1. What are the residue pairs meeting all of these: first residue in region 161-184, first residue within 10 Å of Phe120 (Cα to Cα) and among the polar types (S, T, N, Q), second residue open to solvent by less than 60 Å² (accessible area, probe 1.4 Å) and in a helix (DSSP H, G or I), Cβ atoms under 8 Å, and 6 or more apart or on different chains?
2. Might you let me know whether region 280-288 holds any residue that is within 11 Å of the ligand (Cβ to nearest atom) and either in contact with an Asp or Glu (Cβ under 6 Å, 6 or more places away or on another chain) or open to solvent by 30 Å² or more (accessible area, probe 1.4 Å) (or both)?
3. All but one of (1) within 15 Å of the ligand (Cβ to nearest atom); (2) buried (at least 19 other Cβ atoms within 10 Å of the Cβ); (3) part of a helix (DSSP H, G or I) hold for Thr70; state the number of the condition that does not hold.
4. If you scan region 195-245, which residues turn out to be among the hydrophobic types (A, V, I, L, M, F, W, C) and within 20 Å of Lys305 (Cα to Cα)?
5. Only one of Leu56, Leu36 is away from the ligand (no atom under 16 Å from the Cβ) and crowded, with 21+ Cβ neighbours inside 10 Å. Can you tell me which?
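The values are calculated or read from the model by the stated rules, or taken from the named source; none is laboratory data. This one's a predicted model, so the numbers in the text were calculated from it and none came from an experiment. When we count neighbours, we look across all protein chains shown, and the Cβ atoms used for this are built from the backbone with ideal geometry, even at glycine. When the accessible area is computed, the model is the full protein with side chains, heavy atoms only, and any ligands, DNA or RNA have been set aside. Shrake-Rupley method; radii C 1.70, N 1.55, O 1.52, S 1.80 Å.
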Amino acid sequence: MLVLEESLLLLFPRGVLSVLALVGLLAVGKILARSLWVAVGALRTYVWARLWRKNLVQTYGKWAVVTGSTDGIGESYAKELAKKGMNILLVSRNMEKLQRVAREIRSQYGVETDIVQADFALGRAVYGNIAKGLKGKDIGILVNNVGMLVTPRLFEKLTEDDIWGYVNVNVASVLAMTRLVLPEMLRRKRGAIVNISSLAAHLPLAYFQVYAATKAFVSSFSRALQQEYQPSGLTIQCVEPGAVSTNMTSFDKDIHTPGLFTATPGSFAVSALATLGHSNRTSGYWAHGMQLAMWMSLPESFVLKSNKAMFESKDKKSK
Ligand SMILES: NC(=O)c1ccc[n+]([C@@H]2O[C@H](COP(=O)([O-])OP(=O)(O)OC[C@H]3O[C@@H](n4cnc5c(N)ncnc54)[C@H](OP(=O)(O)O)[C@@H]3O)[C@@H](O)[C@H]2O)c1
C-alpha cells in the first residue's frame with residue numbers, strides 16, 4: 001500500500017491524489033447506494049407484495065377488463081383477477097376463444113363474466129362496441145394487455161399491415177381503452193390501469209425495432225399518467241416483462257421454452273398481479289428484474305450489439 005502511495009506521489013501532487021480519492025469514494029458510494037435501492041425495491045415488489053395482499057374488489061372496484069385475454073399473459077391475468085373475486089370483461093378477437101375462456105372463468109371462480117369481440121388492428125372503429133360492453137360496470141381494473149409481435153426482421157421486411165397493426169394494437173389500444181375507463185375511475189376516485197409493456201421498452205432493439213419502440217411508448221405514457229392521476233387516487237402501473245412462454249414467443253425455441261428467464265404465463269400473471277399497488281413500474285417477475293439489472297449494468301452499446309448479432313444469425317439460419 002505504502003509503495004503504491006509513494007509511486008502515485010511521484011506522479012501526482014498530494015492535493016490531486018486527495019481529490020481522486022474523494023471522487024473514487026463517491027463513485028463507490030453511489031454504486032453501493034444504487035445496489036441497496038434496487039435490492040430494497042426487489043424485496044418490496046416480490047416478497048412484501050406477496051405477503052401483503054390487497055383486496056382488489058374493495059380497493060379498485062368490482063369489474064376488471066382485460067384486452068387480448070384469450071391466450072397467454074392476458075388469459076392468465078384474467079383468471080388470476082377472477083381468482084381474487086373480480087368479475088371479468090374479456091376483450092379479444094376470436095369469439096370461440098372468448099366463450100371458452102369466459103366459461104372456464106365462471107365455472108372455476110364463480111364470478112360474472114362478459115365478452116366483447118374486437119379486433120384492435122382495425123383501429124378506431126372497434127371502440128364504440130367496447131364502450132357499450134363497459135357501460136354500467138364498476139370498472140376497477142383495466143389491463144391493457146393486447147399486443148402483437150412480428151417475428152424479428154429488418155424494418156424493410158415489415159409490410160404496411162404490420163406497421164399499422166403495431167400502431168393500432170400496441171399503441172392506440174392503450175390510449176383508447178384508457179380514455180374509455182378514466183372518467184368513471186376519476187369520478188369514483190379509485191381504479192387501476194395496468195399497461196403491459198416489455199423489457200424491450202428499455203432499449204432500441206434491432207430486428208424488433210418497431211415492437212421495442214411501441215413498448216417504449218407504452219412505458220413513457222404510463223409514467224406520465226402516473227404523475228397526472230396518482231394524486232386523484234388512481235393507480236397506473238407499467239409492467240415490463242421479459243420472455244414469457246406464449247404464442248408470441250413461439251417463433252424461437254430458446255426464448256419460448258420455460259426456464260429461469262422464460263416464465264410460464266400462469267406464474268408470470270400470479271407474480272405480476274401481486275405487485276399491483278406495490279410498484280408502479282416493474283418487470284413483474286423476479287428473474288426478469290434480474291435480467292434488466294444485468295442489462296443496465298453493462299454498456300448499452302454492448303447489449304445492443306450482442307442482441308443484434310443474435311437475431312442476425314437466427315435470421316440467416318432461418319433462410
Ligand atoms: N410473451 C412475452 O414474452 C412477452 C414479453 C414482454 C411483453 N409481452 C407483452 O405481453 C402482452 C401479451 O402477450 P402474450 O405473449 O400473452 O401474447 P399472445 O400469447 O400472442 O396473446 C395475445 C392475446 O391478444 C389477442 N390479440 C392479438 N391480436 C389481437 C387483436 N388484433 N385484436 C384483439 N385481440 C388480439 C390474442 O387473441 P387470439 O387468441 O385471437 O390470438 C391473444 O388473446 C403483449 O402486450 C406483449 O407485447 C409479452
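1. Asn168/Phe120; Asn168/Ala121; Asn168/Gly123; Asn170/Tyr211; Asn170/Thr214; Asn170/Lys215; Asn170/Val218; Ser173/Phe120
2. yes
3. The number of the failed condition is (3).
4. Taking region 195-245 as the starting set, the residues that turn out to be among the hydrophobic types (A, V, I, L, M, F, W, C) are 196, 199-201, 203, 205-206, 208, 210, 212-213, 216-218, 221, 224-225, 234, 236, 238-239, 243-244.
Once the filter is applied, which keeps residues that are among the hydrophobic types (A, V, I, L, M, F, W, C) and within 20 Å of Lys305 (Cα to Cα), region 195-245 yields Leu199, Ala200, Ala201, Leu203, Leu205, Ala206, Phe208, Val210, Ala212, Ala213, Ala216, Ala243.
5. The unique qualifying residue is Leu56.
Results for (1) more than 8 Å from the ligand (Cβ to nearest atom); (2) assigned to a loop (DSSP other than H, G, I, E, B); (3) not β-branched (Val, Ile, Thr), shown as yes or no for each residue.
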position	(1), (2), (3)
Ala201	yes, no, yes
Tyr207	yes, yes, yes
Tyr211	no, no, yes
Pro231	yes, no, yes
Leu260	yes, yes, yes
Ser267	yes, no, yes
Leu273	yes, no, yes
